Amino acid sequence: MRDIIQDLLTQEERDQATALVGQLETIFTSKLAALTEKERSSYKAINETNKLFVNKVWDYRQHSDSLSSPDVDWQEFETDYQARVFAENLLGRLESLAYRLESTKILHDYDNYQDALNDYSYSQYSKGAGKAGFTEKVAELKQFFNRTKSTPKTTPEEEEE
């Protein structure tokens, strides 16, 4: 398989995407939390069952507010709820986009690596044919290939058999 992917983004689209990501960073930088690993383990994300629980409490609040606890700041609850829903939806969209970008990058990496291997083979052939400059190129590229053979490990009992 050669050239399994082509870059379909124009330079204008690349520039636009870069600018849009910059705008997102500008909007969110001072408004989003960045927890440390210790803080993340302290707070933890709620699991799906707990999300359903929160959603059910929210639903009761929307339709039967007389059954809601007077000890809860319901305005703050609603603000947190709406912010969570927004963040979850946006995060899902960004994760989907990030997955597709990563997949596209993997395919471009694969194409580059296959072409680099072809170039190395050509360089080895050209070195063997005595073409100028290829001895140095092959010597420099050779460092990226491990030539040591692995030997199967045997136990002393296997050696005695």
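Tell me, what is the per residue accessible area of the range 1-155 in Å², probe radius 1.4 Å? Don't skip to the end; give the middle numbers.
Numbers: 13690 Å² over 155 residues.
On a per-residue basis, the range 1-155 sits at 88 Å².
Among residues other than Asp73 whose Cβ falls under 13 Å from its Cβ, what is the net charge (Lys/Arg +1, Asp/Glu -1)?
Details: positive: Arg61; negative: Asp71, Glu76, Glu78, Asp80.
Charge balance near Asp73 sits at -3.
If you roll a 1.4 angstrom probe over the protein chains with everything in place, what fraction of the accessible area of the chain belongs to carbon and sulfur, to the nearest %? Intermediate results must be reported in sequence, preceding the final value.
Working: 7990 of 14460 Å².
Here carbon and sulfur together make up 55 percent of the probe-accessible area.
Pick out which of Thr148, Thr49, Thr36 has the largest mean-square fluctuation in a Gaussian network model of the chain, springs linking Cα atoms closer than 10 Å.
With Cα springs under 10 Å in the chain, the top fluctuation among Thr148, Thr49, Thr36 is at Thr148.
Output wanted: per-residue J couplings in Hz (rounded whole) for the range 18-26, from phi through Karplus 6.51 cos²θ - 1.76 cosθ + 1.60, θ = phi - 60°, x for Gly and Pro.
Couplings: 4, 5, 5, 5, x, 5, 4, 4, 5 Hz.
Full-extension gain between Leu91 and Lys105, please, as 0.36 nm times their residue separation minus the C-alpha to C-alpha distance. Each step should come with its number before you reach the end.
Numbers: separation 14, 0.36 × 14 = 5.04 nm, distance 2.04 nm.
Gain on stretching Leu91 to Lys105: 3.0 nm.
Express in whole angstrom the spacing between the alpha-carbon centres of the range 1-33 and the range 38-63.
Taking the Cα centre of the range 38-63 as reference, the centre of the range 1-33 is 32 Å away.
Sort the range 27-95 into rounded, prolate or oblate with this rule: let a ≥ b ≥ c be the square roots of the eigenvalues of the Cα gyration tensor; rounded if a/c is under 1.5, and if a/c is not under 1.5, prolate when a/b is larger than b/c, oblate otherwise.
prolate
Could you bin all the Cα-Cα distances of the chain into 5 Å bins starting at 0 and give me the percent of pairs in each, rounded to whole numbers?
1, 6, 7, 10, 9, 9, 8, 8, 9, 8, 6, 5, 4, 4, 2, 1, 1, 0, 0
If you build a Gaussian network model of the chain, linking Cα atoms that sit under 10 Å apart, which residue out of Gln114, Gln143, Gln124 swings the most?
Of Gln114, Gln143, Gln124, the most mobile in the Gaussian network model is Gln143.
Along the range 89-96, what does the Karplus equation 6.51 cos²θ - 1.76 cosθ + 1.60 (θ = phi - 60°) give for ³J(HN,Hα), rounded to whole Hz, x for Gly and Pro?
Once rounded to whole Hz, the list reads 5, 5, 4, x, 5, 5, 5, 5.
Multiplying the sequence separation of Lys31 and Ser66 by 0.36 nm and subtracting their Cα-Cα distance, what value in nm do you get?
Details: separation 35, 0.36 × 35 = 12.60 nm, distance 3.38 nm.
Gain on stretching Lys31 to Ser66: 9.2 nm.
For Lys142, give me every one of the lysines with a C-alpha distance below 17 angstrom, ignoring sequence neighbours fewer than eight places off in its own chain.
Those lysines meeting the cut-off are Lys127.
Hey, what do the phi angles of the range 138-147 turn into as Karplus ³J(HN,Hα) couplings, whole Hz, using 6.51/-1.76/1.60 and θ = phi - 60°, x for Gly and Pro?
Values, residue by residue: 5, 4, 6, 6, 4, 4, 8, 10, 7, 9 Hz.
For Glu140 and Tyr113, FRET efficiency with R0 = 30 Å and r from the beta-carbon atoms, rounded to 0.05?
On the way: r = 17 Å, r/R0 = 0.57.
After rounding to 0.05, the efficiency reads 0.95.
For Lys131, go through the aspartates and glutamates and keep the ones whose alpha-carbon is under 20 Å away, minus same-chain ones fewer than eight residues off.
Leaving aside aspartates and glutamates fewer than 8 places away in the same chain, those within reach of Lys131 are Asp119, Glu140.
In degrees between 0 and 90, to the nearest 10, how far off the longest principal axis of the chain does helix 48-63 point, with axes built from Cα atoms?
Around 30 degrees separate the two axes.
Running a GNM on the chain with Cα contacts under 10 Å, which residue among Leu24, Leu90, Leu117 ends up with the highest mean-square fluctuation?
Leu24
Using a cut-off of 17 Å between alpha-carbon atoms, which aspartates and glutamates can reach Lys105, once sequence neighbours fewer than 8 places away in the same chain are excluded?
Asp3, Asp7, Glu13, Glu95, Asp115
The values are calculated or read from the model by the stated rules, or taken from the named source; none is laboratory data. These numbers were taken from a predicted model, which means no experiment stands behind them. Here Cβ is always computed from backbone atoms with ideal geometry, including for glycine, and neighbour counts include all displayed protein chains. Note: areas computed on protein heavy atoms with side chains; ligands, DNA, RNA excluded. Shrake-Rupley method; radii C 1.70, N 1.55, O 1.52, S 1.80 Å.
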